[in-house]
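Worksheet for the structure shown next.
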Amino acid sequence: MSRGIALSILLMTLATSHALAQGAKAAMRQDPACQSLTPVSAGGPAPKSQDTVVVRWLGWTNYEVAYRGTVFLLDAYYDRGPRMHPIGVVPADMKKANAIFIGHAHFDHMSDAAAVAKQTGARVIGASFASEVLAKGGAPANQFKAVKGGEVMQYPGVTVEAVLGHHNVIATTVPEGFLDKQAAAVETASLQKPLSDAEKQQLDAIRARGSRDPKIATDGVINYLFTFGNGFHVLFADSPGPITDAQRAIAQKVPSVDVAMLPYFSFEAGIPPLVELVKTFKPSTVFLGHHDAEGTMKWASNYPPALAIRDASPKTRTMDVIYRTPVCFNTASKEMVIGW
Ligand SMILES: [Zn+2]
């Protein structure tokens, strides 16, 4: 092939992929799913294009991921109790979901899973520790699929792989009693009034909808790797534990993911384990969760972890979106449009 022909083919290819990319962005901007604050699970519009994935952060480590006709909920802790910022949807609003993926069975990751499973008929996927909580909440046993890591699940156009992670051990990385002192100091510095007895009861009821099995730390934290279309990878992890062999194996198989939802909490003590997850999975885009507690003192800023993430992985951008904002990705061109 002459150099001239090769060059013109290259230019044509570049022009075509540029046009495709422009088209994808424009299409996403015009798609109601990328402009609505209503989650698809709560009756909002599903994406029009076969190539669009819509990601919404629903507070803490809750996410909704909508793709073609399928709605995935990642964790289910919507009614978070007194003083927490309302996410704008309550469990009773969630009417459509195909599957609920539970990262681990602590209450702040699954307290509303049984209610939403009953309403939607969605299958719940998680480590076995979730099964008792779901049964107590009245979810039919045949809606639960227990996983240990290594399982592969298929949905139309999507493959989901369960990966064994580890619960966070942040308390062991700081002086003994530090986290309690930090919590007390933040409490003192905030304008939040002490909880009333009725509010405490409300909180106790939410806390009861989770498991306290100590084995969750080593055997009960499941990450999920979603592969959309021909290879758009989304990783969900809801506790920043030490990196496991299974996580390393996945990272070898998929050297970088397109999107990762990762947990950030305990202020500066939470940054090193978060950065380890970023270095392992090398995401292009990171959503942070688990940092939005009551008031303003307890909602940790995304900026310090975002800077640490950029220093450790210069090609990773950290999203700072608020509840329900639709963030659309084209699985082919990998472009992103932030709605609203
Ligand atoms: Zn936990």
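The values are calculated or read from the model by the stated rules, or taken from the named source; none is laboratory data. Note that this is a predicted model, so its numbers are computed, not measured. No Cβ is skipped: glycine too gets one built from the backbone with ideal geometry, and neighbour counts run over all protein chains shown. In case anyone asks, the SASA skips ligands and DNA or RNA and just uses the protein heavy atoms, side chains included. Shrake-Rupley method; radii C 1.70, N 1.55, O 1.52, S 1.80 Å.
Just give me the residues in the stretch 287-331 being basic (Lys, Arg) and on the phi > 0 side of the Ramachandran plot, in sequence order. Answer for the stretch 287-331, where residues must be basic (Lys, Arg) and on the phi > 0 side of the Ramachandran plot: just Arg324.
Of everything in the stretch 115-131, what is closer than 23 Å to Leu164 by Cβ and touching an Asp or Glu at 6+ places or on another chain (Cβ under 9 Å)? Give them in sequence order. Ile125, Ala127, Ser128, Phe129, listed by residue number. For the stretch 218-241, filtered to residues that are more than 14 Å from the ligand (Cβ to nearest atom) and open to solvent by 10 Å² or more (accessible area, probe 1.4 Å), the residue that is nearest to Val152 (Cα to Cα) is Thr227.
All but one of (1) within 16 Å of the ligand (Cβ to nearest atom); (2) assigned to a loop (DSSP other than H, G, I, E, B); (3) open to solvent by less than 40 Å² (accessible area, probe 1.4 Å) hold for Val257; which doesn't? Exception for Val257: condition (1).
Pairs are defined by a Cβ separation below 7 Å, a sequence spacing of at least 6 or placement on different chains, a first member in the stretch 286-303 that is farther than 10 Å from Phe265 by Cα, and a second member that is at pLDDT below 95 and hydroxyl-bearing (Ser, Thr, Tyr); the pairs so defined are Gly295/Ser190; Met297/Ser190.
Filter the stretch 98-127 for residues that are among the polar types (S, T, N, Q) and away from the ligand (no atom under 16 Å from the Cβ) and give the result.
From the stretch 98-127, those among the polar types (S, T, N, Q) are 98, 111, 119-120; that's our starting set.
Once the filter is applied, which keeps residues that are among the polar types (S, T, N, Q) and away from the ligand (no atom under 16 Å from the Cβ), the stretch 98-127 yields Asn98, Gln119, Thr120.
Among the residues of the stretch 131-151, those that are closer than 23 Å to Ala114 by Cα, open to solvent by 50 Å² or more (accessible area, probe 1.4 Å) and not in a helix (DSSP H, G or I) comprise Pro140, Lys145, Ala146, Lys148. Within the stretch 152-162, being out of contact with any Leu (no Cβ under 6 Å at 6 or more places or on another chain) and open to solvent by less than 50 Å² (accessible area, probe 1.4 Å) holds for Met153, Tyr155, Gly157, Val158, Thr159, Val160, Ala162.
Can you find even one residue in the stretch 73-86 that is surrounded by fewer than 18 Cβ atoms within 10 Å (Cβ to Cβ) and at pLDDT 95 or above? Before you say what the answer is, go through the steps one by one.
Let us first name the residues in the stretch 73-86 that are surrounded by fewer than 18 Cβ atoms within 10 Å (Cβ to Cβ), namely 82-83, 85-86.
Restricting the remaining residues to those that are at pLDDT 95 or above gives 85-86.
Yes, the stretch 73-86 contains a residue that is surrounded by fewer than 18 Cβ atoms within 10 Å (Cβ to Cβ) and at pLDDT 95 or above.
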